[in-house]
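Every number here is computed from the coordinates shown, using simple stated rules; none is lab data. Predicted model only: the values in this text are computed from it and were never measured. Here the Cβ is made from the backbone with ideal geometry for all residues, glycine too, and neighbour counts use every protein chain on show.
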Amino acid sequence: MQNKGALAPPHAIFANNSGLCADCAHARLIRSDRGATFVQCQLSITDPRFAKYPRLPVLSCGGYAKQAANK
Ligand code: SF4
């Protein structure tokens, strides 16, 4: 029996659906009270060319900066 109330881990949703934002240094993962997960682009704070909540998946972006690998 499937548990319809179960949610995938937020980071799994993030990695699967967000395209370039998944490993961009400017992305911040936001989780709403209702359990929805969003990507907030931190570049939007200082640069109006970038959407605060970009439409996912982002396939091309001039602001993309790959995150440093975790050690
Ligand atoms: S700069 Fe582009 S790739 Fe990076 S978080 Fe913002 S929208 Fe996503």
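For the reader, a short list of remarks on this structure follows.
- Loop-located trypsin sites (Lys or Arg not before Pro) in the range 14-47, at most 11 other Cβ atoms within 10 Å (DSSP): ARG34
- FRET efficiency for TYR64 and ARG31, using Cβ-Cβ distance with R0 set to 22 Å, rounded to 0.05: 0.45
- ASN17-THR46 FRET efficiency (beta carbon distance; Förster radius 35 Å; 0.05 resolution): 0.85
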